[in-house]
Amino acid sequence: MRGALRTLWKLRPEEAIALLFFPFCLGISLKAYLFCVSRGIPPGRFGVGLWRLAVTVAAVALFTWFVRRKPCWARLGWIRDVMPFLFCIAIYTNLNDTVQFVNPHHVHDALVRIDAWLFGVQPCVWAQRFYTPLATEAFSLAYMNYFVVSVAVVGYLLLAGRRSDMRQALLGTILCFYLGYALYVAFPAAPPRLVLAHLFTRDFSGGWLTTVQNKLVDLNPSAGRSAFPSLHCGITFITLAYAWRFQKALFAVLLPMGVMLVLATVYLRHHYVIDILAAIPLAVLAYRLAPPLEAWWSRQRERAESAAPAGAGAGPERAPAPAAAHAGVDGHATPPAAR
């Protein structure tokens, strides 16, 4: 048991969280696949999901070898920092497909009532009056910019050689994702484009950007239950927080992109406004939780290695010096840049 704990503490917290979520994700993916097979239904995306998880397992095996052997570590050590983010995305893709097999009790009707109580109208439906081809193109671009906004701070810090800061931003971002996943399971909700379809009297008109955005949306299942909270907004909020903390010039660039992205989630019928409001405390919680979690994890690693018999503490990652575990920007825990 103690040996297993020592092995656990040698991981980073974001790696351990991925290991916690992966069996759960695999289990519900298998449940969804077997449900279809038992009823003679083509498994479709559930079969694809199993293949995706198989590829993820292979990537984890390669990642484990890489961390243990450390080939070209001075130049490639950053790969360990970013891979848990990719594992996080792989888990999300499968979880989004299969939430209904875990919790069939959706809450989107309650979200509709909350939006009506807050505004007296359904904001997504009310926004129809502003539909123009130009506006739709602009908001489609803003929505797709999520793929830029979500990695902008991490990419900047990596290129600037600030790997310690990058790890802090990555850990907070990954925590925001996983906390959001847990809320998806607890409060499954379909987006307004599905729930309120009968209320929309106008269709979008736009150009190629709108077409691309629609194709990206179509990659998600029509029965998806990942509206509450809005992770598009939650990740945008926490990214802006890290941009303000680490590079204010970058914050100035990302802020208008973030504002447009948030508005796009309503204009394009992807989220209720309450989804956006719920994303604010989610981002704040992840931002505040990341530094003490990293510091606590480092202390557990130090204790486990100090209590280990001689030679038993060898592994892929040595414990950081106490000063390195606690000193950092704004007094927050800063993990070593290259473990």
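What residue, of N103, N96, is touching a Ser or Thr at 6+ places or on another chain (Cβ under 9 Å) and over 30 Å from R75 (Cβ atoms)? Give the steps one after another, and end with the answer.
Values: N103 fails: touching a Ser or Thr at 6+ places or on another chain (Cβ under 9 Å).
Testing whether each residue is touching a Ser or Thr at 6+ places or on another chain (Cβ under 9 Å) and over 30 Å from R75 (Cβ atoms) leaves just N96.
Name the single residue, out of those in the range 116-126 being of a type in the set (A, V, I, L, M, F, W, C) and in a helix (DSSP H, G or I), that is nearest to H271 (Cα to Cα).
The selected residue is C124.
Checking P71 against (1) exposed (fewer than 13 other Cβ atoms within 10 Å of the Cβ); (2) at pLDDT below 90; (3) assigned to a helix (DSSP H, G or I), which test does it fail?
Looking at each condition in turn, P71 falls short on (3).
What is the one condition in (1) surrounded by fewer than 20 Cβ atoms within 10 Å (Cβ to Cβ); (2) at pLDDT below 90; (3) assigned to a helix (DSSP H, G or I) that F85 does not satisfy?
Result: F85 fails condition (2) only.
I need a count of the residues in the range 38-68 that are modelled with pLDDT of 85 or more, of a type in the set (V, I, T) and loosely packed, with under 15 Cβ neighbours inside 10 Å.
Of the residues in the range 38-68, 3 are modelled with pLDDT of 85 or more, of a type in the set (V, I, T) and loosely packed, with under 15 Cβ neighbours inside 10 Å.
Hey, among A264, A290, which residue is closer than 20 Å to M166 by Cβ, surrounded by 21 or more Cβ atoms within 10 Å (Cβ to Cβ), under 21 Å from the mean Cα position of the chain (by Cα) and of a type in the set (G, A, S)? Don't jump to the end; show me each part of the working.
On the way: A264 fails: closer than 20 Å to M166 by Cβ.
Unique residue meeting the criteria: A290.
From the set of residues in the range 160-173 that are of a type in the set (A, V, I, L, M, F, W, C) and buried (at least 24 other Cβ atoms within 10 Å of the Cβ), which is farthest from A290 (Cα to Cα)?
Among them, the one singled out is M166.
Being in a helix (DSSP H, G or I), modelled with pLDDT under 90 and surrounded by fewer than 22 Cβ atoms within 10 Å (Cβ to Cβ), is that true of even one residue in the range 307-319?
Taking every residue of the range 307-319 in turn, at least one turns out to be in a helix (DSSP H, G or I), modelled with pLDDT under 90 and surrounded by fewer than 22 Cβ atoms within 10 Å (Cβ to Cβ).
Only one of F119, F147 is within 16 Å of P192 (Cα to Cα) and exposed (fewer than 14 other Cβ atoms within 10 Å of the Cβ). Can you tell me which?
The match here is F119.
To keep it simple, each residue is scored yes or no on (1) part of a loop (DSSP other than H, G, I, E, B); (2) in contact with a Gly (Cβ under 9 Å, 6 or more places away or on another chain); (3) of a type in the set (S, T, Y); (4) within 21 Å of H271 (Cα to Cα).
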residue	(1), (2), (3), (4)
A54	no, no, no, no
A58	no, no, no, no
F63	no, no, no, no
L95	no, no, no, yes
T98	no, yes, yes, yes
P104	yes, no, no, yes
A110	no, no, no, yes
I114	no, no, no, yes
Q128	no, no, no, yes
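Answer yes if at least one residue in the range 229-240 is of a type in the set (A, V, I, L, M, F, W, C), over 19 Å from G155 (Cα atoms), in contact with a helix residue (DSSP H, G or I) (Cβ under 7 Å, 6 or more places away or on another chain) and at pLDDT below 95, and no otherwise.
Checked against the condition, which is being of a type in the set (A, V, I, L, M, F, W, C), over 19 Å from G155 (Cα atoms), in contact with a helix residue (DSSP H, G or I) (Cβ under 7 Å, 6 or more places away or on another chain) and at pLDDT below 95, the range 229-240 yields at least one hit.
Which one of G224, G258 is touching a Leu at 6+ places or on another chain (Cβ under 9 Å), modelled with pLDDT under 95, of a type outside the set (F, W, Y) and closer than 22 Å to Y92 by Cβ?
G224
The values are calculated or read from the model by the stated rules, or taken from the named source; none is laboratory data. All figures in this text were calculated on a predicted structure; none of them were measured in a lab. Cβ sites come from the backbone with ideal geometry, for glycine too, and all protein chains shown count toward neighbours.
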